[in-house]
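Peer 1: Submitted below is the structure of interest, expressed as structure tokens.
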Amino acid sequence: MIVYGLVVILVGLGVLIVTDKIAELWLLGEIADYSKFFLAHTGAAGAWGVAAGGDQLRYVNWVKFGITKCILTVVVNLYAMAQSYVSFSKVGRRIITDIFFPGALLAFSLWRAKRGIA
């Protein structure tokens, strides 16, 4: 959860500070102003992810938020691909990342809960 939170924070800061470089790296072209605003705010959620990583059982709702956010991002990206808004080359890395993190969050959260580790 801590790693996921840090990744989200870095993406949020990257979009806020070096928007054009991030768009170039993700092969997106120009990012609309409202998207910059949304992505920068998403980084704030990463701070709660880092906080929840210290005690995942206590902050289980933030773990659920992280899992839900990743799953919804995959669904939105797959829909965008089906509608030909974007190609896999533009969102493929994001899809793969957002499939990996919920699996890791579930695996480690359940492992910790099963072993009674707080």
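Peer 1: Are any residues in the stretch 38-56 within 16 Å of Phe108 (Cα to Cα) and more than 12 Å from the chain's Cα centre (by Cα), and if so, which ones?
Peer 2: Val50, Ala51, Ala52, Gly53, Gly54, Asp55, Gln56
Peer 1: Something else about it: Mind listing whichever residues of the stretch 57-72 are loosely packed, with under 13 Cβ neighbours inside 10 Å and within 12 Å of the chain's Cα centre (by Cα)?
Peer 2: If the condition is that a residue be loosely packed, with under 13 Cβ neighbours inside 10 Å and within 12 Å of the chain's Cα centre (by Cα), then Thr68, Leu72 are the ones that fit.
Any read-out appearing in this document is the output of simple, stated calculations on the displayed coordinates, not a laboratory observation. All values reported here derive from a predicted model rather than from experimental measurement. Cβ sites come from the backbone with ideal geometry, for glycine too, and all protein chains shown count toward neighbours.
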